[in-house]
1. What percent of all Cα-Cα pairs in the stretch 82-242 falls into each 5 Å bin, going from 0 up to the bin containing the maximum distance?
2. Using a 1.4 angstrom probe and counting only protein chains, how large is the accessible area of Tyr445 in Å², to 10?
3. Ignoring any ligand, DNA or RNA, what whole percent of the accessible area of the stretch 252-401 comes from carbon and sulfur when the probe is 1.4 angstrom?
4. Counting other Cβ atoms within 10 Å of each Cβ, which GluC sites (Glu not before Pro) in the stretch 84-154 have at most 11 and sit in a DSSP loop?
5. For the stretch 82-242, which whole percent of the accessible surface, found with a 1.4 angstrom probe, sits on carbon and sulfur atoms?
6. In nm, give the distance between the simple-model label positions of Glu447 and Asp309, each being 7 Å from the Cα along the Cα-to-Cβ direction.
7. What order, most packed first, do the peptides 363-376, 341-354 have when packing is the mean number of other Cβ atoms within 10 Å of each residue?
8. Give me the tail of P(r) for the stretch 100-173 as a percent: Cα-Cα pairs with distance above 18 Å.
Amino acid sequence: MAAFAGAKLESIFHSNATAVAASSPLSTHFQIKPPHRRTQRAANVVRCDSSSSSSSSSDVVVSSNASSLSALQQLKTSAADRYTKEKSSIIVIGLSIHTTPVEIREKLAIPEAEWPRAIKELCALNHIEEAAVLCTCNRMEIYVVALSQHRGVKEVTEWMSKTGGIPVSEISDHRFLLYNTDATRHIFQVSAGLESLVLGEGQILAQVKQVAKVSQGVAGFGRNISGLFKHAIMVGKRVRTETRIAEGAVSVSSAAVELALMKLPQSAHSTARCLLIGAGKMGKLVIKHLVSKGCTRIVVVNRSVEKVDALREEFKDIEIIYKPVGDMMTCAGEADVIFTSTSSETPLFLKENVVDLPPVGPDVGGKRLFIDISVPRNVGSCVNEVDNTRAYNVDDLKEVVAANREDRLRKAMEAEAIIAEELKVFEAWRDSLETVPTIRKLRAYAERIRSSDLEKCLQKMGDNANNNAKKAVEALSRGIVNKLLHGPLQHLRYDGTDDRTLDETLENMHALNRMFNLETEVSLLEEKIRAKVEQQK
(Lines give C-alpha, C1' and ligand atoms only; values in the text may rest on other atoms or scores of the structure.)
Protein backbone atom coordinates (compact mmCIF):
# COMPACT_ATOMS: atom_id res chain seq x y z
CA MET A 1 0.00 0.00 0.00
CA ALA A 2 3.01 2.31 0.27
CA ALA A 3 2.82 3.05 -3.43
CA PHE A 4 -0.46 4.90 -2.91
CA ALA A 5 1.16 7.14 -0.30
CA GLY A 6 2.31 9.81 -2.74
CA ALA A 7 -1.13 10.45 -4.20
CA LYS A 8 -3.05 10.03 -0.95
CA LEU A 9 -0.81 12.33 1.11
CA GLU A 10 -0.93 15.13 -1.46
CA SER A 11 -4.05 16.74 -0.05
CA ILE A 12 -2.66 16.49 3.48
CA PHE A 13 0.52 18.32 2.51
CA HIS A 14 -1.38 21.01 0.62
CA SER A 15 -3.96 21.67 3.35
CA ASN A 16 -1.54 21.69 6.25
CA ALA A 17 1.55 23.30 4.73
CA THR A 18 0.78 26.96 5.49
CA ALA A 19 -0.68 26.40 8.95
CA VAL A 20 2.18 24.21 10.09
CA ALA A 21 4.81 26.54 8.68
CA ALA A 22 3.35 29.55 10.52
CA SER A 23 2.95 27.84 13.86
CA SER A 24 6.00 25.63 14.24
CA PRO A 25 9.59 25.06 13.07
CA LEU A 26 10.11 23.21 9.83
CA SER A 27 11.41 20.21 11.73
CA THR A 28 7.95 19.82 13.29
CA HIS A 29 6.42 19.75 9.83
CA PHE A 30 8.36 16.59 9.06
CA GLN A 31 7.45 14.60 12.14
CA ILE A 32 5.44 12.31 9.87
CA LYS A 33 8.05 9.85 8.64
CA PRO A 34 8.32 9.92 4.88
CA PRO A 35 8.24 6.47 3.23
CA HIS A 36 11.55 6.86 1.39
CA ARG A 37 15.08 7.87 2.34
CA ARG A 38 15.25 10.47 -0.40
CA THR A 39 12.44 12.40 1.31
CA GLN A 40 14.19 12.10 4.67
CA ARG A 41 17.35 13.56 3.21
CA ALA A 42 15.32 16.41 1.73
CA ALA A 43 13.89 17.09 5.17
CA ASN A 44 17.36 17.24 6.69
CA VAL A 45 18.45 19.79 4.08
CA VAL A 46 15.44 21.97 4.92
CA ARG A 47 16.32 21.82 8.63
CA CYS A 48 19.90 22.92 7.95
CA ASP A 49 18.76 25.75 5.69
CA SER A 50 16.21 27.01 8.20
CA SER A 51 18.54 26.89 11.17
CA SER A 52 21.20 28.97 9.42
CA SER A 53 18.75 31.44 7.88
CA SER A 54 18.28 34.97 9.23
CA SER A 55 15.26 35.72 7.02
CA SER A 56 12.12 37.36 8.26
CA SER A 57 9.10 35.44 9.47
CA SER A 58 7.31 35.87 6.12
CA ASP A 59 10.36 34.53 4.30
CA VAL A 60 10.28 31.47 6.52
CA VAL A 61 6.61 30.87 5.63
CA VAL A 62 7.34 31.15 1.90
CA SER A 63 10.35 28.89 2.28
CA SER A 64 8.25 26.42 4.23
CA ASN A 65 5.59 26.26 1.54
CA ALA A 66 8.20 25.80 -1.18
CA SER A 67 9.98 23.14 0.85
CA SER A 68 6.69 21.36 1.51
CA LEU A 69 5.89 21.23 -2.18
CA SER A 70 9.42 20.04 -2.95
CA ALA A 71 9.19 17.32 -0.32
CA LEU A 72 5.75 16.34 -1.63
CA GLN A 73 7.10 15.98 -5.14
CA GLN A 74 9.94 13.79 -3.90
CA LEU A 75 7.53 11.71 -1.87
CA LYS A 76 5.31 11.16 -4.88
CA THR A 77 8.15 10.20 -7.17
CA SER A 78 9.78 7.92 -4.61
CA ALA A 79 6.56 6.06 -3.88
CA ALA A 80 4.85 5.98 -7.24
CA ASP A 81 7.60 6.17 -9.83
CA ARG A 82 9.17 3.01 -8.48
CA TYR A 83 6.35 1.08 -10.11
CA THR A 84 5.22 3.33 -12.96
CA LYS A 85 8.21 5.02 -14.55
CA GLU A 86 10.38 1.92 -14.28
CA LYS A 87 9.09 -1.03 -16.25
CA SER A 88 8.66 -4.27 -14.33
CA SER A 89 11.81 -6.38 -14.56
CA ILE A 90 12.24 -9.91 -15.86
CA ILE A 91 14.59 -11.67 -13.43
CA VAL A 92 16.08 -15.15 -13.30
CA ILE A 93 17.35 -16.51 -10.00
CA GLY A 94 19.28 -19.62 -10.91
CA LEU A 95 21.32 -22.52 -9.58
CA SER A 96 23.06 -24.61 -12.22
CA ILE A 97 25.53 -27.44 -12.52
CA HIS A 98 28.15 -24.77 -13.31
CA THR A 99 27.65 -22.86 -10.04
CA THR A 100 26.01 -25.18 -7.52
CA PRO A 101 26.82 -28.68 -6.24
CA VAL A 102 24.19 -31.36 -6.65
CA GLU A 103 23.71 -31.58 -2.86
CA ILE A 104 22.12 -28.13 -2.89
CA ARG A 105 20.27 -28.45 -6.20
CA GLU A 106 18.51 -31.61 -5.15
CA LYS A 107 17.15 -29.97 -2.00
CA LEU A 108 15.72 -27.09 -3.99
CA ALA A 109 14.39 -29.24 -6.85
CA ILE A 110 10.66 -28.83 -7.47
CA PRO A 111 8.83 -31.80 -9.04
CA GLU A 112 6.86 -31.05 -12.20
CA ALA A 113 3.53 -31.74 -10.48
CA GLU A 114 4.26 -28.91 -8.03
CA TRP A 115 5.20 -26.23 -10.59
CA PRO A 116 1.69 -24.68 -10.60
CA ARG A 117 1.71 -24.49 -6.79
CA ALA A 118 5.15 -22.89 -6.84
CA ILE A 119 4.00 -20.28 -9.38
CA LYS A 120 1.01 -19.36 -7.22
CA GLU A 121 3.14 -19.06 -4.09
CA LEU A 122 5.74 -16.93 -5.87
CA CYS A 123 3.10 -14.59 -7.29
CA ALA A 124 1.64 -14.17 -3.81
CA LEU A 125 4.88 -12.45 -2.79
CA ASN A 126 4.57 -8.68 -2.54
CA HIS A 127 6.71 -7.69 -5.51
CA ILE A 128 6.23 -10.64 -7.88
CA GLU A 129 3.70 -10.35 -10.72
CA GLU A 130 4.48 -13.43 -12.84
CA ALA A 131 6.60 -16.55 -12.41
CA ALA A 132 7.80 -19.82 -13.95
CA VAL A 133 9.95 -22.70 -12.73
CA LEU A 134 12.51 -24.52 -14.88
CA CYS A 135 13.83 -27.52 -12.96
CA THR A 136 16.01 -30.21 -14.54
CA CYS A 137 18.80 -32.47 -13.35
CA ASN A 138 21.32 -29.74 -14.26
CA ARG A 139 19.55 -26.56 -13.21
CA MET A 140 16.95 -25.01 -10.93
CA GLU A 141 15.88 -21.62 -12.29
CA ILE A 142 13.03 -19.35 -11.27
CA TYR A 143 11.88 -16.71 -13.74
CA VAL A 144 9.80 -13.82 -12.42
CA VAL A 145 8.43 -10.46 -13.45
CA ALA A 146 9.08 -8.22 -10.45
CA LEU A 147 7.85 -4.73 -9.53
CA SER A 148 11.19 -4.14 -7.79
CA GLN A 149 14.46 -5.87 -8.66
CA HIS A 150 16.02 -5.80 -5.20
CA ARG A 151 12.85 -6.71 -3.30
CA GLY A 152 11.87 -9.31 -5.87
CA VAL A 153 15.21 -11.13 -5.60
CA LYS A 154 15.05 -10.96 -1.80
CA GLU A 155 11.54 -12.39 -1.64
CA VAL A 156 12.22 -15.22 -4.10
CA THR A 157 15.48 -16.18 -2.37
CA GLU A 158 13.71 -16.29 1.00
CA TRP A 159 10.96 -18.42 -0.56
CA MET A 160 13.58 -20.84 -1.94
CA SER A 161 15.22 -20.99 1.48
CA LYS A 162 11.93 -21.82 3.15
CA THR A 163 10.86 -24.49 0.64
CA GLY A 164 14.29 -26.13 0.37
CA GLY A 165 15.42 -25.81 3.96
CA ILE A 166 18.68 -24.13 2.95
CA PRO A 167 19.91 -20.86 4.55
CA VAL A 168 19.55 -17.74 2.43
CA SER A 169 23.28 -17.09 2.76
CA GLU A 170 24.12 -20.48 1.26
CA ILE A 171 21.74 -19.97 -1.66
CA SER A 172 23.21 -16.51 -2.24
CA ASP A 173 26.72 -17.99 -2.37
CA HIS A 174 25.79 -20.23 -5.31
CA ARG A 175 22.97 -18.49 -7.18
CA PHE A 176 23.31 -16.34 -10.27
CA LEU A 177 21.09 -13.34 -10.99
CA LEU A 178 20.22 -11.98 -14.41
CA TYR A 179 17.93 -9.08 -15.28
CA ASN A 180 15.85 -8.10 -18.31
CA THR A 181 17.96 -8.40 -21.50
CA ASP A 182 20.47 -10.71 -19.80
CA ALA A 183 17.68 -12.88 -18.39
CA THR A 184 16.01 -13.09 -21.80
CA ARG A 185 19.28 -13.96 -23.52
CA HIS A 186 19.89 -16.66 -20.90
CA ILE A 187 16.62 -18.55 -21.46
CA PHE A 188 17.20 -18.32 -25.23
CA GLN A 189 20.68 -19.82 -24.72
CA VAL A 190 19.28 -22.49 -22.42
CA SER A 191 16.60 -23.45 -24.94
CA ALA A 192 19.19 -23.55 -27.74
CA GLY A 193 21.37 -25.91 -25.70
CA LEU A 194 24.21 -23.41 -25.29
CA GLU A 195 24.06 -23.58 -21.49
CA SER A 196 23.83 -27.36 -21.32
CA LEU A 197 26.57 -29.59 -20.01
CA VAL A 198 26.70 -31.09 -23.49
CA LEU A 199 26.61 -28.23 -25.99
CA GLY A 200 23.53 -28.35 -28.19
CA GLU A 201 21.81 -31.29 -26.47
CA GLY A 202 18.16 -31.52 -27.44
CA GLN A 203 16.54 -32.67 -24.21
CA ILE A 204 16.53 -29.19 -22.66
CA LEU A 205 14.28 -27.85 -25.43
CA ALA A 206 11.71 -30.49 -24.58
CA GLN A 207 12.00 -29.49 -20.92
CA VAL A 208 11.42 -25.80 -21.74
CA LYS A 209 8.35 -26.87 -23.74
CA GLN A 210 7.14 -28.84 -20.75
CA VAL A 211 7.39 -25.74 -18.53
CA ALA A 212 5.11 -23.86 -20.94
CA LYS A 213 2.71 -26.80 -21.19
CA VAL A 214 2.40 -27.45 -17.46
CA SER A 215 2.21 -23.75 -16.56
CA GLN A 216 -0.36 -22.81 -19.19
CA GLY A 217 -3.54 -21.65 -17.52
CA VAL A 218 -1.88 -21.00 -14.15
CA ALA A 219 -2.74 -17.44 -13.10
CA GLY A 220 0.85 -16.37 -12.42
CA PHE A 221 2.16 -17.63 -15.77
CA GLY A 222 1.29 -14.26 -17.28
CA ARG A 223 1.72 -12.52 -20.59
CA ASN A 224 5.39 -11.55 -20.14
CA ILE A 225 6.64 -14.90 -18.84
CA SER A 226 4.52 -17.05 -21.16
CA GLY A 227 5.64 -14.87 -24.08
CA LEU A 228 9.25 -15.29 -22.96
CA PHE A 229 9.03 -19.09 -22.87
CA LYS A 230 7.14 -19.34 -26.17
CA HIS A 231 9.79 -17.21 -27.83
CA ALA A 232 12.54 -19.28 -26.20
CA ILE A 233 11.02 -22.45 -27.68
CA MET A 234 10.96 -20.83 -31.12
CA VAL A 235 14.61 -19.76 -30.71
CA GLY A 236 15.62 -23.28 -29.68
CA LYS A 237 13.96 -24.75 -32.77
CA ARG A 238 15.49 -22.15 -35.09
CA VAL A 239 19.01 -22.64 -33.72
CA ARG A 240 18.82 -26.40 -34.15
CA THR A 241 17.42 -26.11 -37.67
CA GLU A 242 19.83 -23.48 -38.98
CA THR A 243 23.06 -24.51 -37.24
CA ARG A 244 22.45 -28.24 -36.75
CA ILE A 245 24.19 -27.81 -33.40
CA ALA A 246 22.52 -30.94 -32.07
CA GLU A 247 24.36 -33.15 -34.53
CA GLY A 248 26.90 -35.20 -32.64
CA ALA A 249 25.71 -33.75 -29.32
CA VAL A 250 24.39 -36.02 -26.58
CA SER A 251 21.82 -35.75 -23.84
CA VAL A 252 22.49 -36.39 -20.16
CA SER A 253 21.37 -39.98 -20.70
CA SER A 254 23.76 -40.41 -23.62
CA ALA A 255 26.56 -38.81 -21.61
CA ALA A 256 25.87 -41.36 -18.86
CA VAL A 257 26.34 -44.20 -21.34
CA GLU A 258 29.50 -42.56 -22.71
CA LEU A 259 30.89 -42.25 -19.18
CA ALA A 260 30.24 -45.94 -18.49
CA LEU A 261 32.07 -46.89 -21.69
CA MET A 262 35.00 -44.66 -20.72
CA LYS A 263 35.34 -46.50 -17.41
CA LEU A 264 34.96 -50.01 -18.87
CA PRO A 265 37.69 -51.83 -20.78
CA GLN A 266 37.20 -51.69 -24.57
CA SER A 267 36.62 -55.43 -24.68
CA ALA A 268 33.69 -55.18 -22.26
CA HIS A 269 31.66 -52.57 -24.15
CA SER A 270 29.26 -55.12 -25.59
CA THR A 271 29.47 -57.76 -22.87
CA ALA A 272 29.07 -55.82 -19.61
CA ARG A 273 25.91 -56.72 -17.67
CA CYS A 274 23.71 -53.61 -17.52
CA LEU A 275 20.93 -52.83 -15.08
CA LEU A 276 18.54 -49.90 -15.43
CA ILE A 277 16.45 -48.80 -12.47
CA GLY A 278 13.52 -46.64 -13.64
CA ALA A 279 11.73 -46.85 -16.99
CA GLY A 280 10.77 -43.19 -17.42
CA LYS A 281 11.89 -40.75 -20.12
CA MET A 282 15.51 -40.64 -18.97
CA GLY A 283 15.66 -44.41 -18.63
CA LYS A 284 14.26 -44.83 -22.12
CA LEU A 285 17.04 -42.62 -23.49
CA VAL A 286 19.64 -44.68 -21.63
CA ILE A 287 18.38 -47.79 -23.42
CA LYS A 288 18.39 -45.96 -26.75
CA HIS A 289 22.05 -45.02 -26.37
CA LEU A 290 23.04 -48.45 -25.02
CA VAL A 291 21.53 -49.99 -28.14
CA SER A 292 23.50 -47.56 -30.33
CA LYS A 293 26.68 -48.76 -28.60
CA GLY A 294 26.01 -52.42 -29.26
CA CYS A 295 24.26 -53.54 -26.07
CA THR A 296 21.92 -56.49 -26.70
CA ARG A 297 20.55 -57.26 -23.24
CA ILE A 298 19.48 -55.15 -20.28
CA VAL A 299 17.59 -55.77 -17.05
CA VAL A 300 15.04 -53.10 -16.09
CA VAL A 301 13.74 -52.68 -12.53
CA ASN A 302 10.51 -50.69 -12.36
CA ARG A 303 7.38 -50.38 -10.23
CA SER A 304 5.12 -51.65 -13.02
CA VAL A 305 5.60 -53.88 -16.04
CA GLU A 306 3.52 -51.68 -18.42
CA LYS A 307 6.32 -49.20 -19.14
CA VAL A 308 8.78 -52.01 -19.66
CA ASP A 309 6.40 -53.69 -22.12
CA ALA A 310 6.25 -50.39 -24.03
CA LEU A 311 10.04 -50.32 -24.13
CA ARG A 312 10.07 -53.86 -25.50
CA GLU A 313 7.74 -52.78 -28.27
CA GLU A 314 9.99 -49.86 -29.19
CA PHE A 315 13.36 -51.62 -28.89
CA LYS A 316 12.71 -55.00 -30.51
CA ASP A 317 16.37 -55.65 -31.32
CA ILE A 318 17.42 -55.83 -27.67
CA GLU A 319 16.43 -58.24 -24.91
CA ILE A 320 14.75 -56.31 -22.10
CA ILE A 321 14.11 -58.27 -18.90
CA TYR A 322 11.63 -56.89 -16.37
CA LYS A 323 12.18 -57.20 -12.63
CA PRO A 324 10.01 -55.79 -9.82
CA VAL A 325 11.38 -53.30 -7.29
CA GLY A 326 11.61 -56.04 -4.67
CA ASP A 327 14.33 -57.75 -6.70
CA MET A 328 16.44 -54.59 -7.03
CA MET A 329 19.30 -55.63 -4.71
CA THR A 330 19.51 -59.10 -6.23
CA CYS A 331 19.69 -57.58 -9.70
CA ALA A 332 22.36 -55.10 -8.55
CA GLY A 333 24.52 -58.00 -7.35
CA GLU A 334 24.32 -59.55 -10.82
CA ALA A 335 25.15 -56.32 -12.73
CA ASP A 336 28.43 -54.70 -13.74
CA VAL A 337 26.96 -51.28 -14.60
CA ILE A 338 23.89 -49.87 -12.86
CA PHE A 339 22.06 -46.84 -14.27
CA THR A 340 19.57 -45.19 -11.91
CA SER A 341 16.88 -42.79 -13.07
CA THR A 342 13.92 -42.57 -10.71
CA SER A 343 11.97 -39.84 -8.95
CA SER A 344 12.68 -41.31 -5.51
CA GLU A 345 13.12 -38.66 -2.84
CA THR A 346 15.46 -40.92 -0.85
CA PRO A 347 18.61 -42.78 -1.97
CA LEU A 348 18.14 -46.31 -3.28
CA PHE A 349 21.76 -47.29 -2.68
CA LEU A 350 23.90 -46.42 0.32
CA LYS A 351 27.13 -47.94 1.59
CA GLU A 352 25.33 -50.52 3.70
CA ASN A 353 23.27 -51.65 0.69
CA VAL A 354 26.22 -52.43 -1.57
CA VAL A 355 28.98 -53.53 0.80
CA ASP A 356 27.86 -57.19 0.68
CA LEU A 357 27.18 -57.36 -3.07
CA PRO A 358 29.30 -60.02 -4.85
CA PRO A 359 32.36 -58.60 -6.64
CA VAL A 360 32.46 -58.13 -10.41
CA GLY A 361 34.97 -59.87 -12.65
CA PRO A 362 38.28 -58.51 -13.93
CA ASP A 363 36.97 -58.58 -17.51
CA VAL A 364 34.97 -55.43 -16.74
CA GLY A 365 37.76 -53.70 -14.84
CA GLY A 366 37.03 -55.19 -11.43
CA LYS A 367 34.75 -52.31 -10.37
CA ARG A 368 30.97 -52.12 -10.21
CA LEU A 369 29.81 -48.81 -11.71
CA PHE A 370 26.80 -46.82 -10.50
CA ILE A 371 25.80 -44.11 -12.99
CA ASP A 372 23.19 -41.96 -11.27
CA ILE A 373 21.38 -39.39 -13.45
CA SER A 374 18.65 -38.61 -10.93
CA VAL A 375 18.06 -35.39 -9.00
CA PRO A 376 17.61 -35.93 -6.07
CA ARG A 377 20.35 -38.55 -6.24
CA ASN A 378 19.46 -42.24 -6.10
CA VAL A 379 23.00 -43.27 -5.09
CA GLY A 380 24.72 -41.81 -2.03
CA SER A 381 28.33 -40.65 -2.32
CA CYS A 382 29.19 -43.00 0.55
CA VAL A 383 29.00 -45.87 -1.96
CA ASN A 384 32.48 -44.83 -3.10
CA GLU A 385 33.83 -45.99 0.25
CA VAL A 386 33.13 -49.61 -0.74
CA ASP A 387 36.07 -51.40 -2.38
CA ASN A 388 35.70 -52.11 -6.09
CA THR A 389 32.66 -49.81 -6.35
CA ARG A 390 32.49 -46.44 -8.05
CA ALA A 391 29.50 -44.05 -8.14
CA TYR A 392 29.04 -41.18 -10.58
CA ASN A 393 26.31 -38.52 -10.64
CA VAL A 394 25.28 -35.80 -13.09
CA ASP A 395 28.15 -33.57 -11.99
CA ASP A 396 30.64 -36.21 -13.12
CA LEU A 397 29.46 -36.13 -16.72
CA LYS A 398 31.71 -33.17 -17.49
CA GLU A 399 34.58 -35.39 -18.60
CA VAL A 400 32.35 -36.94 -21.26
CA VAL A 401 32.09 -33.71 -23.22
CA ALA A 402 35.79 -32.93 -23.62
CA ALA A 403 35.93 -34.09 -27.28
CA ASN A 404 34.72 -32.43 -30.47
CA ARG A 405 34.42 -28.97 -28.89
CA GLU A 406 35.75 -26.98 -31.82
CA ASP A 407 32.91 -27.77 -34.23
CA ARG A 408 30.26 -27.22 -31.58
CA LEU A 409 31.79 -23.90 -30.55
CA ARG A 410 31.64 -22.70 -34.15
CA LYS A 411 28.00 -23.65 -34.30
CA ALA A 412 27.48 -21.94 -30.96
CA MET A 413 28.76 -18.68 -32.44
CA GLU A 414 26.22 -19.01 -35.23
CA ALA A 415 23.56 -19.70 -32.61
CA GLU A 416 24.51 -16.55 -30.68
CA ALA A 417 23.96 -14.47 -33.83
CA ILE A 418 20.45 -15.93 -34.14
CA ILE A 419 19.80 -15.26 -30.46
CA ALA A 420 20.89 -11.62 -30.88
CA GLU A 421 18.33 -11.20 -33.67
CA GLU A 422 15.53 -12.82 -31.71
CA LEU A 423 16.43 -10.82 -28.61
CA LYS A 424 15.64 -7.60 -30.48
CA VAL A 425 12.33 -9.02 -31.69
CA PHE A 426 11.29 -10.10 -28.19
CA GLU A 427 12.30 -6.82 -26.55
CA ALA A 428 10.41 -4.87 -29.22
CA TRP A 429 7.33 -6.97 -28.44
CA ARG A 430 7.73 -6.42 -24.70
CA ASP A 431 8.32 -2.68 -25.16
CA SER A 432 5.13 -2.51 -27.19
CA LEU A 433 3.21 -3.79 -24.16
CA GLU A 434 3.78 -0.42 -22.47
CA THR A 435 1.29 1.19 -24.84
CA VAL A 436 -1.38 -1.50 -24.42
CA PRO A 437 -3.09 0.20 -21.42
CA THR A 438 -3.28 3.48 -23.36
CA ILE A 439 -4.76 1.70 -26.39
CA ARG A 440 -7.31 0.01 -24.17
CA LYS A 441 -8.26 3.20 -22.35
CA LEU A 442 -8.45 5.26 -25.54
CA ARG A 443 -10.80 2.71 -27.09
CA ALA A 444 -12.91 2.65 -23.92
CA TYR A 445 -13.02 6.48 -23.88
CA ALA A 446 -14.18 6.59 -27.49
CA GLU A 447 -16.70 3.79 -26.91
CA ARG A 448 -18.28 5.63 -23.96
CA ILE A 449 -18.81 8.72 -26.13
CA ARG A 450 -20.12 6.67 -29.04
CA SER A 451 -22.55 4.66 -26.91
CA SER A 452 -23.86 7.74 -25.13
CA ASP A 453 -24.48 9.72 -28.31
CA LEU A 454 -25.92 6.69 -30.09
CA GLU A 455 -28.44 6.23 -27.30
CA LYS A 456 -29.48 9.90 -27.58
CA CYS A 457 -29.81 9.54 -31.36
CA LEU A 458 -31.96 6.41 -31.08
CA GLN A 459 -34.22 8.15 -28.55
CA LYS A 460 -34.75 11.04 -30.98
CA MET A 461 -35.54 8.60 -33.79
CA GLY A 462 -38.30 7.20 -31.63
CA ASP A 463 -40.21 3.98 -32.01
CA ASN A 464 -41.00 4.66 -35.65
CA ALA A 465 -37.44 3.78 -36.70
CA ASN A 466 -37.13 0.17 -37.83
CA ASN A 467 -34.36 -2.19 -36.76
CA ASN A 468 -32.50 -1.83 -40.03
CA ALA A 469 -32.27 1.92 -39.57
CA LYS A 470 -31.05 1.53 -36.00
CA LYS A 471 -28.43 -1.00 -37.07
CA ALA A 472 -27.29 1.31 -39.84
CA VAL A 473 -26.86 4.21 -37.43
CA GLU A 474 -24.94 2.04 -34.99
CA ALA A 475 -22.69 0.72 -37.78
CA LEU A 476 -22.10 4.30 -38.93
CA SER A 477 -21.07 5.36 -35.40
CA ARG A 478 -18.66 2.43 -35.07
CA GLY A 479 -17.15 3.12 -38.47
CA ILE A 480 -16.55 6.79 -37.67
CA VAL A 481 -14.92 5.96 -34.33
CA ASN A 482 -12.72 3.25 -35.84
CA LYS A 483 -11.53 5.55 -38.62
CA LEU A 484 -10.79 8.36 -36.19
CA LEU A 485 -8.86 6.00 -33.89
CA HIS A 486 -6.92 4.29 -36.67
CA GLY A 487 -4.20 6.94 -36.93
CA PRO A 488 -3.55 7.40 -33.18
CA LEU A 489 -3.57 3.64 -32.56
CA GLN A 490 -1.12 3.03 -35.38
CA HIS A 491 1.28 5.42 -33.69
CA LEU A 492 0.90 3.56 -30.40
CA ARG A 493 1.91 0.20 -31.84
CA TYR A 494 5.60 -0.64 -31.83
CA ASP A 495 7.14 -3.92 -32.89
CA GLY A 496 10.54 -2.83 -34.18
CA THR A 497 9.67 -3.48 -37.84
CA ASP A 498 9.16 0.12 -39.01
CA ASP A 499 11.15 3.36 -38.87
CA ARG A 500 9.42 4.60 -35.74
CA THR A 501 11.55 4.32 -32.59
CA LEU A 502 10.34 3.22 -29.19
CA ASP A 503 10.94 6.74 -27.83
CA GLU A 504 8.63 8.18 -30.48
CA THR A 505 5.96 5.62 -29.65
CA LEU A 506 6.18 6.40 -25.93
CA GLU A 507 6.02 10.15 -26.67
CA ASN A 508 2.82 9.50 -28.59
CA MET A 509 1.49 7.52 -25.64
CA HIS A 510 2.20 10.32 -23.16
CA ALA A 511 0.70 12.90 -25.53
CA LEU A 512 -2.55 10.94 -25.83
CA ASN A 513 -2.63 10.42 -22.06
CA ARG A 514 -2.46 14.19 -21.60
CA MET A 515 -4.91 15.09 -24.37
CA PHE A 516 -7.60 12.66 -23.28
CA ASN A 517 -6.73 12.62 -19.56
CA LEU A 518 -6.34 8.85 -19.64
CA GLU A 519 -3.94 8.79 -16.63
CA THR A 520 -2.52 5.46 -17.71
CA GLU A 521 0.41 5.46 -15.29
CA VAL A 522 -1.72 6.13 -12.21
CA SER A 523 -4.24 3.47 -13.17
CA LEU A 524 -1.47 0.98 -13.87
CA LEU A 525 -0.06 1.63 -10.42
CA GLU A 526 -3.46 1.16 -8.84
CA GLU A 527 -4.09 -2.04 -10.78
CA LYS A 528 -0.75 -3.52 -9.71
CA ILE A 529 -1.07 -2.64 -6.04
CA ARG A 530 -4.72 -3.62 -5.78
CA ALA A 531 -3.93 -6.95 -7.41
CA LYS A 532 -1.23 -7.60 -4.83
CA VAL A 533 -3.58 -6.60 -2.00
CA GLU A 534 -6.24 -8.99 -3.31
CA GLN A 535 -3.68 -11.80 -3.38
CA GLN A 536 -2.87 -11.21 0.27
CA LYS A 537 -6.52 -11.52 1.38
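1. That works out to 2, 10, 20, 23, 23, 15, 6, 2, 0, in percent per bin.
2. 70
3. Numbers: 3400 of 6960 Å².
Carbon with sulfur: 49 percent of the solvent-accessible area.
4. Sites meeting the loop and neighbour criteria: Glu86.
5. Numbers: 2890 of 5880 Å².
That fraction is 49 percent.
6. 5.5
7. On the way: 363-376: 21.4, 341-354: 16.9.
So the order, starting with the most tightly packed, is 363-376, 341-354.
8. Value for the stretch 100-173 (Cα pairs over 18 Å): 35 percent.
The values are calculated or read from the model by the stated rules, or taken from the named source; none is laboratory data. In this text, all values refer to a predicted model and were calculated from it rather than measured experimentally. In this analysis, Cβ positions are derived from the backbone assuming ideal geometry, glycine residues included, and neighbour counts consider all displayed protein chains. Note: accessible area is taken over every heavy atom of the protein model, side chains too, but ligands, DNA and RNA are not part of it. Shrake-Rupley method; radii C 1.70, N 1.55, O 1.52, S 1.80 Å.
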